[in-house]
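See below for the structure under consideration.
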Number of protein chains: 2
Amino acid sequence: MNDKYKVVLVGAGKLANHLGPHLKKIGHDVVQVYNKTLSKAQNLAEKLSADAIDDLRNVDENADIYIIAVSDDAIAQIAKELNFVNGVVAHTSGTTGMEVLSGLDNYGVFYPLQTFSENAELDMHQVPVIYEANNEHALSKLRHLAMDISNKTAFLNSDERKQLHVSAVFANNFTNHLWAVAQNILERNNIDQSLIVPLINETVNKIQSNPAKNMQTGPALRGDDTTTNEHLLALKDHPIQKGIYELLTHSIQNSKL
Amino acid sequence: MNDKYKVVLVGAGKLANHLGPHLKKIGHDVVQVYNKTLSKAQNLAEKLSADAIDDLRNVDENADIYIIAVSDDAIAQIAKELNFVNGVVAHTSGTTGMEVLSGLDNYGVFYPLQTFSENAELDMHQVPVIYEANNEHALSKLRHLAMDISNKTAFLNSDERKQLHVSAVFANNFTNHLWAVAQNILERNNIDQSLIVPLINETVNKIQSNPAKNMQTGPALRGDDTTTNEHLLALKDHPIQKGIYELLTHSIQNSKL
């Protein structure tokens, strides 16, 4: 078995644009990039010396691995149209079950757990890759690719992967939103937004080596009702933010038990 | 005017234990540490070559600055008992109004905005200090001390400082709690907690140079109801966490408008 693969990328979005160049760099051969909008496929394909296609019937049937990197809703239909290929077909979704691909012979999941932005440079070796597969053959290929790409890999079944994705939504989407709220509070009060940057950095420093649960501080944890009531008053014109403050205060106090 | 001060620290908790050594290091003379529990005062006083006291009647009336670093509820009573001093009395609370000290002649606020833990080492020069005062004399002393301690200082009135504190609760206490929830989800599903560390780090990297609002990603922002419904189902046995998921999803979608 050749340990470098012929890969087809199905999708040319943020994930494909991070994954494709990394695959090429570590020696895999990305032979095709598919996107329903040909120009998007071409933009990425050019960087990878791959062919761009906008019709799944033109997918190379002899690739080793087909990576589906599209929105969750589109996976099922794409899987259906790829029923003629021989290689391993994997989707990259955090929440979609593996069984969405069950019409195929060799399939699995290849889920890089990270927040991908258009411009941000990322060291893909540091991005954990979660995999599973429907048979030993597919598992062995996806595991090999995962370990080739990343220093951190894990085999999880679809239920576990979904729980991991929920966790990631809290750890990334929701914390980012709370920072947006924090910045919004400063912005509307004309307060220098850089004042909270050291606090954010220290918050992150602390959880690098300690469970977050043990690092909790603040008025909610102390049961300092005078302060939390003052804060709710300060948010009185912003009902959603006030609601978040109340609920998270309640949750912190509940987690003490 | 001597630009190094005689300082009395009223309180020997986490903040006093970070502030005291830094004051000494940059040349100020901490002459006394007060705490109602003498042994706590002694622990800190020893490090500062200061006197430990447990009775406010023994406070040195000729210090330049008295820094009250106690819980918010205790500030008013301490201020009352310090009515015989001549120097500037400042509290260090984020939310308590300056007027709690209005029985004194020279007073103000000296609020270091950071999360202080017992063991974590902190570079106090990087901790923003917010100050205000009741007259020019007090303002000049507190401003000088703030600028001597920190590279980042700001004059804010009590209302602005309270809004900053609310913002800090979102940016620190609440994000930390969301990480605790994220870790709790992994823990109860026996999933390796280190899998989300790169995600957390990248989340923080991204907001170093961009407003958090612009860096939002995830199913809530995409309006991906299939995924958010799957996630709510995955949280069905954890009503508070499910409530947080619903409310923050709603808030993210509302913030798009």
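With just the Cα atoms defining each centre, how far is segment B:121-175 from segment A:1-21? Give it in Å. If you average the Cα positions of each part, the centres end up 49 Å apart. Between A:ASN83 and B:SER209, the modelled label-to-label distance comes to 4.8 nm, taking each label 7 Å out from Cα in the direction of the beta carbon.
Our note on the geometry: Cα centres of segment A:53-93 and segment B:181-243, 27 Å apart. Normalising the Debye intensity of the protein assembly as shown to I(0), with uniform scatterers on Cα atoms only, and taking log10 at q = 0.08, 0.10, 0.12, 0.13 Å⁻¹ returns -0.59, -0.81, -1.02, -1.13.
Taking every residue in A:72-79 and counting other chain Cβ atoms within 10 Å of its Cβ, the average works out to 1.
For segment A:42-49, the Karplus equation 6.51 cos²θ - 1.76 cosθ + 1.60, evaluated at θ = phi - 60°, returns couplings of 5, 3, 6, 4, 4, 5, 9, 6 Hz by residue, with Gly and Pro reported as x. For segment A:216-221, the Karplus equation 6.51 cos²θ - 1.76 cosθ + 1.60, evaluated at θ = phi - 60°, returns couplings of 5, 9, x, x, 4, 5 Hz by residue, with Gly and Pro reported as x. Dividing the summed helix terms, -39500 (n - 2.57) for each DSSP H run of n ≥ 4, by the number of residues in chain A produces a 222 nm estimate of -13500 deg cm²/dmol to the nearest 500.
Around the amide H of B:VAL89, modelled in the peptide plane, lie the amide H atoms of B:TYR66, B:ASN106, B:TYR107, B:GLY108, all under 5 Å away and 5 or more residues distant in sequence or on another chain. With the convex hull drawn around the C-alpha atoms of segment B:62-167, the volume per residue stands at 105 Å³.
For the set B:LYS4/B:LYS47; A:LYS25/A:LYS162; A:LYS242/B:LYS213; A:LYS206/B:LYS47; A:LYS213/B:LYS6, the pairs lying more than 27 angstrom apart at their alpha carbons are A:LYS25/A:LYS162; A:LYS213/B:LYS6. Counting only DSSP beta bridges with both residues in chain B, the antiparallel share comes to about 20 percent. With both labels modelled 7 Å from their Cα along Cα-to-Cβ, the A:ARG188 to B:ARG188 distance reads 3.3 nm.
For the pair B:ARG57 and A:HIS238, what calculated FRET efficiency results from E = 1/(1 + (r/R0)^6), where r is the Cβ-Cβ distance and R0 = 45 Å, to the nearest 0.05? Working shown, then result.
Working: r = 45 Å, r/R0 = 1.01.
Here the calculated transfer efficiency is 0.50.
In the protein assembly as shown, what percentage of the DSSP-assigned beta bridges are antiparallel, given to the nearest 5? Write out the running numbers ahead of the final one.
Details: 10 of 54 bridges.
Taking every DSSP beta bridge with both residues in the protein assembly as shown, the antiparallel ones total about 20 percent.
Peptide A:206-213 has a mean of 6 when you count, residue by residue, the C-beta atoms of other protein chains within 10 Å of its C-beta. Taken residue by residue and averaged, Cβ atoms of other chains lying within 10 Å of the Cβ of A:186-192 number 5.
The mean of 1/r over all distinct Cα pairs in chain B, once inverted, gives the Kirkwood hydrodynamic radius of 20.8 Å. Against the compact-protein benchmark of 2.2 N^0.38 Å, the Cα-based radius of gyration of segment B:109-257 scales to 1.35.
Values quoted throughout were computed directly from the atomic coordinates according to the rules given, and no laboratory measurement underlies them. All of these numbers come straight from a predicted model, not from anything done at the bench. All Cβ positions, glycine included, derive from the backbone under ideal geometry; neighbour counts span all protein chains shown.
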